[in-house]
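One structure is given here, and the rest of the page talks about it.
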Amino acid sequence: MGLVSPLPAPPVAAAPGPDETWDLDGGWAWVYYGAGNGGLVRPLVLSDGFDSGPSLLDHIWDGWNGQGFPFFSELLARGRSLVIIGYAERSASILDNAEVAIEAILKTIRNQPDRNGGLVVGGYSMGGLITRYALAKMEFEGEDHQTATYFSYDTPHRGAWIPISVQAFAHYSKDLNSAFSDQVNSPAARQMLWRHIETVEDKPAEDPLRTEFLAELRRVGSWPSRPRKIGVANGAGNGTGNQDVPGDAALRCPGVLFNETALYIQASGAHQLVAELRSILHVSKDVYTDGFPEGDGAPGGQLPTFKLIADALNQVVSGNAELFYPDTCFIPTVSAVAIRDIGTNDGLYANVDNLPSSESELDEFQCASTNEGHIRMTPEHGKWLLERLSA
């Protein structure tokens, strides 16, 4: 099981071969010239996001071209070039992977036949944070990034949400397989999660790595100032959540291995039970939160987190888990469009459609019509992005 996808990732169709592959210090860039081009022309530089292990080109291509809308094909058909940045370790520090992004941006500039600026640089999920910091750092250090437009796609500008119940279960079950717990405790997860626990015994809090990352982001100016900044949220903009009912059980385990374990939908208020952890391998543990908002059901880009856990348990022994709510909010809408903080229900459930767009730290943004899967490329978003890249 994993936070954003099963571990290991299931196979998908192969991506078309790139025109060039650049080896970078800590990653790669896959380069596609675009229709009618013999080299880089009006490039879009796209950063991969969070997961475990190295970036997988096939999965990136499948996600943004093989499902809801063929964004890459449409982009290349219009004569634009595409540079996809991948990382040797996607769960490494955002600050470290930003250095890979900077190297890719500089190499893109050097390899343009007509070096007249006008790059489009951004990323999806955590990739939007990586490129946001990379461009801001380049400006702070006096480096010309030649970027006209920065874009983010369901990026946790104000923090990401993973239920404390899920984090606790990851650590509680690590003796069986530590990959899930390791992912929760990776540098990147610690930096982007609004609240984090390192062990099942911990009290939820902002992780020191997140505190340090936010301070470093402020040091370099928080945002790049020169590019136009646009963004997309996979969450609804009308303040409507995903129908998770606070306090209800998301899943229960009647099976032998975790018999009587239950994970609950986050409720607000003091001393809220979020997990009853039971196992033949460990002593029982109940997990509580204090003063949390109802983040599991908030409007935002969704992950099938509870379903991933249930599926993994039922693959071991059928009937190990009963699932009641498959999804949880991962990137709250207000975080993706940088318009409200996510520490309260008023912030999380704000009706963004009714707020002045000037309150956002982005120059322009689009929210989804309804809550969608995190980083899902849809016709609604794909056409919106292409229109702004053609302006």
Where does helix 94-111 land angle-wise versus the long Cα axis of the chain, in degrees 0 to 90, nearest 10? 20 degrees
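What net charge do the residues around Ile375 carry, taking every other residue with its C-beta under 12 Å from that of Ile375, with Lys and Arg at +1 and Asp and Glu at -1?
Numbers: positive: Arg376; negative: Asp48, Asp51, Asp62, Asp154, Glu372.
Result for the local shell: -4.
With the full set of protein chains in place, find how many percent of the accessible area of region 223-348 is carbon and sulfur; take the probe as 1.4 Å. Before the final figure, lay out the partial values.
Values: 2300 of 4680 Å².
Carbon and sulfur: 49 percent of the exposed surface of region 223-348.
How do the peptides 79-90, 15-26 rank, highest first, by the average count of neighbouring beta carbon atoms within 10 Å per residue? Don't skip to the answer; put the middle values down first.
Details: 79-90: 22.4, 15-26: 14.0.
Highest-to-lowest ranking by the protection proxy: 79-90, 15-26.
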Taking the alpha-carbon distance from Lys137 and a cut-off under 24 Å, which lysines remain once sequence neighbours fewer than 8 residues away in the same chain are dropped? Lys107, Lys229
Simple spin-label model, 7 Å along Cα-to-Cβ: Lys383 to Leu214 in nm? 3.8 nm
Using only Cα atoms, tell me the angle between helix 208-219 and the longest principal axis of the chain; keep it within 0 to 90° and round to the nearest 10. 30 degrees
Quick check: the distance between the Cα centres of region 356-389 and region 125-148, to the nearest angstrom? 20 Å
Cα centroids of region 323-344 and region 279-295: how far apart, whole angstrom? 20 Å
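Ignoring ligands, DNA and RNA, what percent of the accessible area of region 1-155 is carbon or sulfur (1.4 Å)? Show your work: numbers first, answer last.
Details: 2640 of 5340 Å².
After summing per-atom areas, the C and S share lands at 49 percent.
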Taking Cα atoms only, helix 126-140 is inclined relative to the longest principal axis of the chain by an angle, in degrees rounded to 10, of 50 degrees
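Write down the percent of antiparallel bridges among all DSSP beta bridges whose residues are both part of the chain, to the nearest 5.
Values: 30 of 56 bridges.
Counting only bridges with both partners in the chain, antiparallel ones make up about 55 percent.
Could you state the accessible area per residue of the chain in Å², with a 1.4 Å probe and every protein chain left in place? Kindly include the intermediate steps, with their values, before the conclusion.
Details: 14660 Å² over 391 residues.
That works out to 37 Å² for each residue.
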Region 16-46-region 182-254 distance, computed between alpha-carbon centres (Å): 31 Å
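The values are calculated or read from the model by the stated rules, or taken from the named source; none is laboratory data. Just so you know, these numbers come straight off a predicted model, no measurement behind them. Heads up, the Cβs are rebuilt from the backbone with ideal geometry, glycines too, and the neighbour counts pull from every protein chain shown. The protein model used for the area step is the full one, side chains on, heavy atoms only, and it has no ligands, DNA or RNA in it. Shrake-Rupley method; radii C 1.70, N 1.55, O 1.52, S 1.80 Å.
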